[in-house]
Amino acid sequence: MMYLSEAVGSRQAPVAETLQLGRVYAHLAELEALYPDFEQWYWGKVAPDLSDGRRGLFCEEQAGTLAGVIIAKRDGLERKLCTVWVDQKFRRTGVSHRIFKRAMKWLGTDRPMISIPHSRLHEFRGLLATSNFKQTQIARSYYRPGCDEYVFNGSLPLD
């Protein structure tokens with residue numbers, strides 16, 4: 001088991017950082033179907049925010065394969081899990097819980113905000129049940145028409 005997050009966001013190795021970010025994005029690209037403009041957000045927000053410490057990228061690799069990723073946001077207003085992704089081969093093996101613990105330590109809270117689309121809520125039941133999450137909002141058609149986001153430990157801004 002190898003953790004990649006120590007290499008990502010390092011100011012000392014920008015070439016290695018870009019390669020790692022590209023490798024991680026290759027696995028996360030499928031999320032564009034759930035979150036329109038995901039690629040633009042990843043390269044326009046996540047990548048720059050890693051350098052100044054507003055975002056953290058936590059990864060676990062097993063047997064040379066990226067097993068899981070969490071992108072977290074830590075600023076004056078939010079402590080948030082922005083993206084939680086686990087490769088299908090590694091689900092129900094504890095990957096999300098291990099990465100979650102590292103992200104919580106970095107965030108400095110055990111009650112981060114997270115939003116999950118209704119269609120994927122069942123995939124997060126284990127993490128939600130064993131952690132300190134309380135549903136606080138349902139944001140109707142927030143990212144995509146007809147797809148509600150279930151929000152825990154916070155709220156999404158509504159127009």
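The numbers here are math on the coordinates, done by the rules we state, and not lab data. Note that the coordinates shown come from a computational prediction; the quantities given were computed from them, not determined experimentally. Backbone-built Cβ (ideal geometry, glycine too); neighbour counts: all protein chains shown.
Couple of notes before you dig in:
- Secondary structure note: in the chain, about 95% of the DSSP beta bridges are antiparallel.
- Charged-residue dipole, Cβ positions (Lys, Arg, Asp, Glu), the chain about Cα centre, Debye nearest 20: 580
- Cα-derived Rg over Rh, computed across the range 108-159 with Rh taken as Kirkwood radius: 0.97
- Translational diffusion of the range 49-142 was estimated from the Stokes-Einstein equation, with Rh taken as the Kirkwood radius over Cα pairs; at 10 °C and 1.306 mPa s the coefficient is 114 µm²/s.
- Working from the Cα coordinates of the chain, the gyration tensor eigenvalues give, after taking √(5λ), semi-axes of 24, 18, 16 Å in decreasing order.
- Gained length - residue 78 relative to residue 52, 0.36 nm times residue gap less alpha-carbon distance: 7.8 nm
- Degrees between helix 14-28 axis and first principal axis of the chain (Cα, 0 to 90, nearest 10): 40
- Between 0 and 90°, nearest 10: helix 95-107 axis offset from the chain longest Cα axis: 90
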